[in-house]
Amino acid sequence: MRGSIKVEGLVDAAVASQLNVLVRDGQGTVIATARPVLSAQSTERSAFSADVSIPADTAHQAGRVQVYAVSPSNSGITHLASVDVDLNGDAKTAVPIDPQTPEAIALIFPSPNAEVKDVVKVAAVTTLGPKIIIEVHDAKDQTVGRVEQTVDLTAGTPAQVMAEVPIKVSAAGPGRVLVYVVNARDGQSEHLSSVEVNLVP
């Protein structure tokens, strides 16, 4: 990527208006941001695109493009997808959009708006790893429970994530269960999926 990055993808209609794009350099520092434009809208998945300008003085290095959605209630990240790129390099590659691409982290349980208390049981399927982090956040986006797991992706098939997350909640209210992968190179979140729940003390 040299000068600018053309970002294209598909987004669920429910979070299309909360999308943001950012570019990080090799140290994880944000060097550019943009708001995507929806180019084709539907009731299921909509196409989006964004042109992100890269600072001219950016040295040739590995980088990452992240597209994420935020919660309208507390600005916490509800979904994040990323791809590693070669900043200010000479390679000319592009990956076409495949609308059949499955979600990299698919949450199976808990169900949306489920009531959770004491211990949150979480089930998911992932094609990413090996380090998986499961967190429960409250309405203020504060972490009230967290566990880590390592999954085995050597079989070439999606890995199952099964976790029980103890939580400490002082008052009833909305919350969110997040499952995400951390990149081994820089420790940044690489992909994140979440589901809204109702926390019960």
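So what's the net charge close to V116: Lys and Arg +1, Asp and Glu -1, counting the other residues with Cβ under 15 Å from its Cβ? If you can, show how the numbers build up before the last one.
On the way: positive: K117, K121, R146, K168, R176; negative: E115, D118, E135, D138, E164, E196.
Neighbour charge sum, excluding V116 itself: -1.
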> Count the lysine pairs in the chain that are 8 or more places apart or on different chains: how many have C-alpha atoms under 26 angstrom apart?
Replying inline: 10
> Okay, which of segment 142-166 sit inside 11 Å, backbone N to the point 7 Å along the Cα-Cβ direction of K121?
Replying inline: 163-164
>> Can you give the log10 of the normalised intensity I(q)/I(0) at q = 0.18 Å⁻¹, computed with Debye over equal Cα scatterers of segment 4-87?
In response: -0.75
> Across segment 145-162, in residue order, what do the Karplus-derived ³J(HN,Hα) couplings come to in whole Hz, using 6.51 cos²θ - 1.76 cosθ + 1.60 with θ = phi - 60° and x for Gly and Pro?
Replying inline: x, 7, 9, 10, 9, 10, 10, 9, 9, 5, 6, x, 10, x, 9, 8, 10, 10
>> Based only on Cα atoms, what mean projected area does the convex hull of the chain have, in nm²?
In response: 11.7
> How high is the FRET efficiency from T154 to N113, r the C-beta distance, R0 25 Å, rounded to 0.05?
Replying inline: 0.10
> Which residues' amide hydrogens lie under 5 Å from the amide hydrogen of I167, considering only partners 5 or more residues apart or on another chain, with H built in the peptide plane?
Replying inline: D118, V119, V120
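Could you compute the FRET efficiency for S170 and S75, with r as their C-beta to C-beta distance and R0 at 22 Å, rounded to 0.05? Write out the running numbers ahead of the final one.
On the way: r = 22 Å, r/R0 = 1.00.
After rounding to 0.05, the efficiency reads 0.50.
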> Which residues in segment 48-77 have a backbone N closer than 19 Å to a point placed 7 Å from the Cα of T33 along the Cα-to-Cβ line?
Replying inline: 49-56, 64-77
>> Under 5 Å between amide hydrogens, which residues at least 5 positions from Q188 or on another chain qualify, with H placed 1.01 Å from N in the peptide plane?
In response: N183
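Bear in mind that the values in this text are calculations on the coordinates, not laboratory data. Values in this document were obtained by computation on a predicted structure and should not be read as measured data. Cβ sites come from the backbone with ideal geometry, for glycine too, and all protein chains shown count toward neighbours.
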